[in-house]
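Notes to accompany the following structure.
The values are calculated or read from the model by the stated rules, or taken from the named source; none is laboratory data. None of the values given here were measured: they were computed from a predicted structure. Cβ placement follows ideal geometry from the backbone for every residue including glycine, while neighbour counts extend to all protein chains displayed.
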Amino acid sequence: MKGYHDIVGDGGSRILEQVAEQRTRITDGLAGVRHLVAVGSGKGGVGKSTLTLHLAGALRARGLRIAILDADFNGPSQARMAGVQGALFVPGSHKVALPRTRNGIAVFSMGSLIPESKALEFESAAHGESHTWRATKEFALLGEILGSFEWGALDLLMFDLPPGAERTVQYADFLGPRTSFLLVTIPSEVARGVVARSVAALSKGPNRLLGYVENMSGYYCRDCNAIKPLFVSPEPFDAAHGGPSGLGIPCLGTVPFDPELARHCDQGFPLADLPDTPVGRALEHVAQQLLESLDSTTEPPR
Amino acid sequence: MKFLCVPCDSPMKLQTVGPPEGGSLSVVYSCPACGYEMAMLTNAYETQVVQSLGVRIGPESGVGASSTESASTSGTGCPFTAMIPTEGEARPGQAGEPIPVRWTAAAEARLANIPAFVRPMARTGIERFARERGALEVDEQILDAARDFFGM
C-alpha cells in the first residue's frame, strides 16, 4: 500500500501549495525592503511601541524610507501614537496603499481598523476554543498584511512585536532569517530576566540579534534638566558603557523616560515636533547604533 | 491530508466541498480507478484550523467549488467580528444617511484586489473622500487622487 510520500499532490485541495504561494507573495512584497527589524522584548510594558515609533522618526529624519508594521494585533498602539487612527486605506492596482504619518512613515496598525473600545475577534466555527487555532489565524493575518500592502522600496521595515518570549520566537520563525531583532528592556531585574529568556530562545535560531536598548533608564526632569533614577535595581549596571547586563548582546543605548514625550505619544505627535532634549539625543544615538549594526557584516558578540 | 483507495492503491481526488453547516465541511473524494466515493466530514475544530491557515478548500477546477472564506457566518468575507465600519455602514459619529456613491467596474476591481478585512473601511473612506469633492462616482481617478491627497 502506498504511503503519504508516495503520493504526489493532495488530491486537489492544494493546501500546501497555497501556503507556499502565500510565502512567495510575502517574499515578493518585501523584495524592495533593505532591512527588516523586529523590535521585541518578551516583557510587556517596556516601551517597545514608543521606542519603535521614535526610532523610526529619528531614522526618517535622516532621510531614510521607513515603515512600521504594528504586529501586536491584540493590543495595537501605533495607530494612536503615529496619528493614523482614522487613516484611509486606498486600493492601488493590486495592493493597498499604506497610511503615512505627517513625517512620512508608512504605518500599518490594527488600531486603524478596530476602535479601542473593541477587542480583535475572528469569526470561528470552533466557538470558545480559540486556544486551538488563534495563533495560526494571527500569523495568517500577518502574512496577508505583508503580502497585500504596498511596502515598496524601503530602507527599514520595523515590526513592533507583541509581548511574550515565546511569541517573539514565533515571529522570528514566521518572518525568517532576513529579520534582525532589537530587544527592549528596562532597568529592572524582572524585565532583564524575561528579555534574557528571549535572547536565549532567539539565539537558537538564524536571526541576527542586533542588541538591546535599555528604555526608561531614569526619567528626564524638565524642571531641573537632569536625568533622575526611575527604577532602583538591586544590581545596577551601566548599560550605556557596556556594563554587565547579563544579556550577552550589545547595548545600543539607553533612553530615559520623558513624561512630555509620553503625552505627545498619546496625542500622535511625532518626535520631530519635539524640542531638542536629552531623550531625543538618546534616541538619535540608538538610531545611529542601529544603523551601524545593520550595516555591519560582523555578527554581534553573544 | 491525502486519501488512498486501499483496494486500488490509488490516490483519491477531491470532488466537491459541501456548504458549511454548523462548523462542518463535507469534502467528497473519489477514486479515479474504481469510482468509489467517500466524504470527509470535519468537526468545528478541524474546520477552524484549516480556515486559520488562510487557504481555500475546493477542487482545483470545477463549478461550485466552495471555500473556507465562504464559511464566514457574516457572509461578508470579513474574518473579523470587531471592525469599523462594516460594509455599507456609516462611520461612527457620522450623522444621517450618506449620499449613495456609485463605483465603476474598474474601481470595484481594484477594491476586490485588497484583503477582505480592509475592504469595508476602504470603501467607506473612499466614498467619503469622493463626496467631499462633489463626486458621486468612484472611478480610478478618484482612487489615484486619494492616494496623492494622503501622500501615499
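Within region A:1-27, residues that are at the interface with chain B (Cβ under 7 Å from one of its Cβ atoms) reach partners that are part of a helix (DSSP H, G or I) with beta carbons closer than 8 Å, at six or more positions or on different chains, in the pairs A:Asp10/A:Leu16; A:Ile15/B:Val50; A:Gln22/A:Ala140; A:Gln22/A:Gly143; A:Gln22/A:Glu144; A:Gln22/A:Gly147. Please specify each residue of region A:44-72 satisfying the condition of being surrounded by fewer than 21 Cβ atoms within 10 Å (Cβ to Cβ) and within 14 Å of another protein chain (Cβ to nearest Cβ). Once the filter is applied, which keeps residues that are surrounded by fewer than 21 Cβ atoms within 10 Å (Cβ to Cβ) and within 14 Å of another protein chain (Cβ to nearest Cβ), region A:44-72 yields only A:Arg65. Each residue in region A:101-116 was checked for being more than 9 Å from chain B (Cβ to nearest Cβ) and free of Cβ contacts under 8 Å to residues at least 40 places away in the same chain, and 1 of them qualify. Evaluate region A:155-167: report whether one residue or more is in contact with a helix residue (DSSP H, G or I) (Cβ under 9 Å, 6 or more places away or on another chain), of a type in the set (Phe, Trp, Tyr) and within 14 Å of another protein chain (Cβ to nearest Cβ). Looking through region A:155-167, none of the residues is in contact with a helix residue (DSSP H, G or I) (Cβ under 9 Å, 6 or more places away or on another chain), of a type in the set (Phe, Trp, Tyr) and within 14 Å of another protein chain (Cβ to nearest Cβ). Scanning region A:183-192 finds one or more residues that are over 18 Å from B:Ser52 (Cβ atoms), at pLDDT 95 or above and aliphatic (A, V, I, L, M). Check whether at least one residue in region A:16-33 is under 26 Å from A:Glu284 (Cβ atoms) and β-branched (Val, Ile, Thr), and report yes or no. Within region A:16-33, one or more residues are under 26 Å from A:Glu284 (Cβ atoms) and β-branched (Val, Ile, Thr).
Look at region A:265-289: where a residue is farther than 25 Å from A:Gln85 by Cβ and a partner is basic (Lys, Arg) and at pLDDT below 90, sitting 6+ places away or on another chain with Cβ atoms under 9 Å, you get A:Thr277/A:Arg222. Looking across region A:121-146 at every residue that is of a type in the set (Phe, Trp, Tyr) and at the interface with chain B (Cβ under 8 Å from one of its Cβ atoms), the one that is surrounded by the fewest Cβ atoms within 10 Å (Cβ to Cβ) is identified as A:Phe122.
Among what's in region B:1-22 and is more than 7 Å from every other protein chain (Cβ to nearest Cβ) and in contact with a Cys (Cβ under 9 Å, 6 or more places away or on another chain), pick the residue that is nearest to B:Tyr45 (Cα to Cα). Going through the qualifying residues, I end up with B:Cys5.
Among the residues of region B:23-60, which ones are farther than 19 Å from A:Arg14 by Cα, assigned to a loop (DSSP other than H, G, I, E, B) and either more than 9 Å from every other protein chain (Cβ to nearest Cβ) or within 19 Å of the chain's Cα centre (by Cα) (or both)? Those that are farther than 19 Å from A:Arg14 by Cα, assigned to a loop (DSSP other than H, G, I, E, B) and either more than 9 Å from every other protein chain (Cβ to nearest Cβ) or within 19 Å of the chain's Cα centre (by Cα) (or both): B:Gly23, B:Ala33, B:Cys34, B:Gly35, B:Tyr36. Exactly one residue among A:Ala196, A:Ala172, A:Ala200, A:Ala191 is free of Cβ contacts under 8 Å to residues at least 24 places away in the same chain and part of a helix (DSSP H, G or I), and that residue is A:Ala200.
For region A:214-236, filtered to residues that are farther than 21 Å from A:Gly280 by Cβ and modelled with pLDDT of 55 or more, the residue that is nearest to the chain's Cα centre (by Cα) is A:Phe231.
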